[in-house]
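Reading through the C-alpha cells given below for one structure.
The values are calculated or read from the model by the stated rules, or taken from the named source; none is laboratory data. Only a predicted model underlies this, so the values are computations on that prediction, with no experimental measurement involved. In this analysis, Cβ positions are derived from the backbone assuming ideal geometry, glycine residues included, and neighbour counts consider all displayed protein chains. Surface areas here come from the heavy atoms of the whole protein model, side chains and all, with no ligands, DNA or RNA. Shrake-Rupley method; radii C 1.70, N 1.55, O 1.52, S 1.80 Å.
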Amino acid sequence: MKLPEFEYVEPKSIRKACQLLKEKGDKAQAIAGGTDFMMALKNRLKVPEMLVDLRGLPHLNRISYSDKEGLKVGALVSLRQLAASPVVKEKYPILSRAALDVGTPQLQAMGTIGGNLCQDSLCLYYNRSPMLRQMLEPCHKLGGKVCHAVSRSKTCWATYCGDIAPVLLVSEAKIIIVDSKGEKIIPLNKFYSGDGKKPNVLKPGQILKEILVPPPSPSSGGAYLKFRLRKTIDYPLLGVALNLTMESYGQICKHAKLALTAVERAPILIEEADELKGKKMTDAVIEKLAKAAYKHAHPLNNICELTPQYRKDLVKDYVKLAVQEAFQFATKGGTI
C-alpha cells in the first residue's frame, strides 16, 4: 500500500525540530526508526502533513555510564545498539535482554529506544487496513464515539504493549523532555497518560531526548518475561518486569519494583511490591505479590484471539517465575 503524501523535513538541531513540531501541531509527526509508525501511515491511521525526521539530530545516539550518575541513553540509540552495549550488558542485563525481545533483528536495527517508549497503543479494532475498518463505526481512537473493545465505554481502551517501558520503570528511570523553551526531567512513570487515544504526555513541540537510569544496587537482580504467540515479531501479550535487591546475606528483601505491560492502557507499576521491603521471600509473600499483580491486570479481547481471562491468569505464574529469576541474580551478586 502506498504512503500518503506528506512534506519531509530533516532538521539538524533539536531547537529546529521542536520549532517545526510546534508550528504544525497535530499536523506534524516526529519519526526516528519508524518501525511502528510506517505501518500506521500505510493503513492511513496517521495522515500527517509533515514528517520531521529526528535521525540527523546530534548526540542523541550515545550511551554513557558513570558509577555516580548511572546510565544515560540517547533517544536515538537503536535497540540493537542498546542490547550490544558492553556497559548495558554488564550493569543492566535485564535491559539488554528486553531489547532483544523486541520484534526481529531487522526491527531492532531500525527501531530506537525513544521510539519504543513513545509507541502507540494497540487494538484489533483500530489496527486494521482501511478496507477492514469500513466494516465498523469509527472508534474513539479514530475520532468516533464508540469503543468496540468495551461496550458503551466513553473512553478508548487501546492497550499499551511496549517491552522497554516496564524494564525501565522497575529500574526507576527518568527521562529528559525538550522543547523550544528548554529541558525538563520527569520520572518515566509520569510519561504515560493512561489514555488509549494518546498513550503519552508529549505535547506538540516536545521531543523525548534522553533516558536516565540510576546505578544498580549491590545484590540486585532483575527479570523480564514476555508472553507471545510467536518467538519473534509479536508484541507482548503479557510482559512482567521485576527488580529485586536483597540484603547482603541474601534472605531479606531490601527493595522491589514490579511492572506489567500489555494488560492496561499504560505500563503499570504494582505498588504492592514496595511491601516486600524487610520481608523474607517466602512462598506466602510471593503468592501475595502475584495476587496483587493479578488484581491490577485488565487485559481485553482487543489485541489477540486469546481470552482476556487466560492472559490474566498467566499474570500470577509469570510474576512467580520473575521472582525466582530475579532472586537468583540478586543472591549470586548479579545486577539487574
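For this structure, a couple of remarks:
- Conditions (1) touching a residue at least 40 places away in the same chain (Cβ under 8 Å); (2) surrounded by fewer than 18 Cβ atoms within 10 Å (Cβ to Cβ); number of the one not met by Gly182: (1)
- Residues of segment 66-109 satisfying the condition of being of a type in the set (D, E, K, R) and either outside any helix (DSSP H, G or I) or free of Cβ contacts under 8 Å to residues at least 12 places away in the same chain (or both): Asp67, Lys68, Glu69, Lys72, Lys89, Asp101
- Residue within segment 163-178 that is assigned to a loop (DSSP other than H, G, I, E, B), open to solvent by 30 Å² or more (accessible area, probe 1.4 Å), out of contact with any Asp or Glu (no Cβ under 8 Å at 6 or more places or on another chain) and not assigned by TED's automatic domain parsing to the domain that holds Leu306 present: yes
- The residues of segment 296-313 that are under 20 Å from Leu168 (Cα atoms) and either among the hydroxyl-bearing types (Ser, Thr, Tyr) or in a helix (DSSP H, G or I) (or both) amount to a single one, His296.
- Tyr224 vs. criteria hydroxyl-bearing (Ser, Thr, Tyr), under 20 Å from Gly103 (Cα atoms) and touching a residue at least 40 places away in the same chain (Cβ under 8 Å): yes
- Considering segment 103-138, the residues that are over 15 Å from the mean Cα position of the chain (by Cα) and charged (D, E, K, R) include one that is most open to solvent (accessible area, probe 1.4 Å), namely Glu137.
- Within segment 58-73, considering residues that are at pLDDT 95 or above and in contact with a helix residue (DSSP H, G or I) (Cβ under 9 Å, 6 or more places away or on another chain), the one surrounded by the fewest Cβ atoms within 10 Å (Cβ to Cβ): Ser64
- Filtering segment 241-295 to residues that are open to solvent by 70 Å² or more (accessible area, probe 1.4 Å) and part of a helix (DSSP H, G or I) leaves Glu271, Asp274, Glu275, Asp283, Ala284, Lys288, Lys291, Lys295.
- If you go through segment 225-240 and keep only what is crowded, with 19+ Cβ neighbours inside 10 Å and in a loop (DSSP other than H, G, I, E, B), you end up with Tyr235, Pro236, Leu237.
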